[in-house]
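These notes concern the structure reproduced below.
The values are calculated or read from the model by the stated rules, or taken from the named source; none is laboratory data. Being a predicted model, the structure only gives us computed values, none of them experimental. Cβ coordinates were reconstructed from backbone atoms using ideal geometry, including for glycine residues, and neighbour counts include every protein chain displayed. Remember, those area values only see protein heavy atoms, side chains included, never the ligands or the DNA or RNA. Shrake-Rupley method; radii C 1.70, N 1.55, O 1.52, S 1.80 Å.
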Amino acid sequence: RLATAVRTGIRFLDNVLTENYFPIEECREVGHKSRRIGLGVMGLHYMLVKLNLRYGSEKCLEFLERLFSTIRNEAYLASIYLAEEKGSFPAFDVNKFLNEEFAKTLPPRIRMLIKQKGIRNAVLLTCPPTGTISMVMGTSTGIEPIFAPIYKRRYRKGNAWAEEIIVDPLLKEFFLAGTEFSRLKDIFVGAYDVTPSEHMAVQATIQKFIDSALSKTINLPSTATAEEFSDTALIYASNLKGLTVYREGSKENAPLVPIELTEEVLKSYVNTDVQTQVSDGAACTIGSGECGA
């Protein structure tokens, strides 16, 4: 089923590129010359939770190796068969393509098929953030861990600030289904529960199988130092295309604040409707431009 979904997705994206409207002819020429597309994923952490795999653990990394190698292989096979059906991308040069660093990591059979049949798309895969569409679909974003099992959300409501306590929907589902709290505590880890090293290990593992780049944030605790981060980053730097870092507390009035997951806290909020506390309207005056953020 995963192979079918990947192959369908590649064909769909290639068709979108063909039918897409380009604002100027030069854009159309560049787009069609390489036929770059970007099939991605979302909901990775929710899947890991359902498989009882802690985000960033050794078993998680082993699973990600198998998962993303499958996605890569099926995506490339789909593009090869599309090339056989519709032709390779116009700029395709088999020797140049197969000598690219990423192409050298492809399985021998796929490299052989590219040599025989060509390939429809110069680039096939990416990992976008999927922030809004993940909210619409009710799942975790991209390849990121959930922000926190329970957290406080601060947002604008009219001319004032409002706050609410959010319990992750999947955590709530598992808890109400009778899952033991010890298991919930182990697998429902938030962005700050995952160590910087685990964050980078996940990114580096997935990057091996993605020919474009990843959207991934490395969340650092407020106590992190530049030296500690540098030492960790150097371990994984050769396997990453880039790093996005957010240090806890680096911005005042952060919109999301994690709350420690305890059984008592979970019980107190899991069956409670959204708790909203609106601050004094004077704290956020639109006219003056002073909104405390």
Fill in the blank from the handout: Whole-Hz Karplus couplings 3J(HN,Hα) for region 151-163, θ = phi - 60° and coefficients 6.51, -1.76, 1.60, Gly and Pro as x, run 8, 9, 10, 10, 8, 7, 10, x, 9, 8, 8, 10, 10
Exercise for the section: Can you check what the net charge comes to around GLY138, using other residues whose Cβ is under 13 Å from the Cβ of GLY138 (Lys, Arg +1; Asp, Glu -1)? Expected result: -1
Exercise for the section: Report, in whole Å, the centroid distance computed from the Cα atoms of region 143-172 and region 98-127. Expected result: 42 Å
Problem - Contour excess over end-to-end distance, with Cα ends at ALA5 and ASN99 and 0.36 nm allotted per residue - result: 31.0 nm
Fill in the blank from the handout: Checking PRO169, PRO23, PRO258 against a Gaussian network model of the chain (alpha-carbon springs below 10 Å), the top fluctuating residue turns out to be PRO23
Fill in the blank from the handout: Nearest-0.05 FRET efficiency for VAL136 and GLU62 at R0 = 25 Å, using Cβ-Cβ distance, is 0.20
Completion exercise
the chain accessible area per residue, 1.4 Å probe, protein heavy atoms, integer Å², reads 54 Å²
Exercise for the section: Run down the aspartates and glutamates and flag those whose C-alpha is under 15 Å from the C-alpha of LYS59, throwing out any fewer than 8 positions away in its chain. Expected result: ASP186, GLU198
Completion exercise
Everything considered on the Cα gyration tensor (a ≥ b ≥ c; rounded for a/c under 1.5, else prolate if a/b is larger than b/c, else oblate), region 121-230 must be described as rounded
Problem - Most fluctuating residue given options GLY242, GLY56, GLY158, as computed from a GNM of the chain linking Cα atoms under 10 Å - result: GLY158
Handout entry: FRET efficiency, 1/(1 + (r/R0)^6) with R0 25 Å, evaluated for GLU252 and THR225 via beta carbons
Key = 0.75
Exercise for the section: Sequence neighbours fewer than 8 away in the same chain don't count; with that in mind, list the lysines whose C-alpha is under 25 Å from LYS152. Expected result: LYS50, LYS172, LYS185, LYS216, LYS251, LYS267
Problem - CD proxy at 222 nm, helix term only [per DSSP H run n ≥ 4: -39500 (n - 2.57); per residue of the chain; nearest 500] - result: -13500 deg cm²/dmol
Completion exercise
Taking every other residue with Cβ under 10 Å from the Cβ of GLU163 and scoring Lys and Arg +1, Asp and Glu -1, one gets +3
Exercise for the section: Could you rank GLU62, GLU227, GLU248 by how accessible they are, 1.4 Å probe, largest area first? Expected result: GLU227, GLU62, GLU248
Practice task
Arrange the peptides 92-102, 211-221, 140-150 so that the one whose residues have, on average, the most other Cβ atoms within 10 Å appears first.
Solution key: 140-150, 211-221, 92-102
Completion exercise
Comparing LEU176, LEU125, LEU184 in a Gaussian network model of the chain (Cα, 10 Å), the one with the largest mean-square fluctuation is LEU176
Fill in the blank from the handout: Given a Förster distance of 30 Å, the FRET efficiency implied by the Cβ-Cβ spacing of THR244 and VAL265, rounded to the nearest 0.05, works out to 0.50
Practice task
Name the shape class, rounded, prolate or oblate, that the alpha-carbon gyration tensor gives for region 178-258, where a ≥ b ≥ c are the square roots of its eigenvalues, rounded holds for a/c under 1.5, and otherwise prolate holds if a/b is larger than b/c and oblate otherwise.
Solution key: oblate
Exercise for the section: Name the long-range amide H neighbours of ALA213: under 5 Å, sequence gap of 5 or more, or other chain; modelled H, no Pro or chain starts. Expected result: CYS127
Handout entry: Residue-count net charge about LYS185 - beta-carbon cut-off 15 Å; Lys, Arg +1, Asp, Glu -1
Key = -3
Fill in the blank from the handout: Taking a straight Cα-to-Cα line shorter than 22 Å from LYS86, and setting aside same-chain lysines fewer than 8 residues away, one finds LYS33, LYS96, LYS115, LYS117
Practice task
Report in % the part of the accessible area of the chain that belongs to carbon and sulfur, leaving out ligands and nucleic acids; probe 1.4 Å.
Solution key: 54 percent
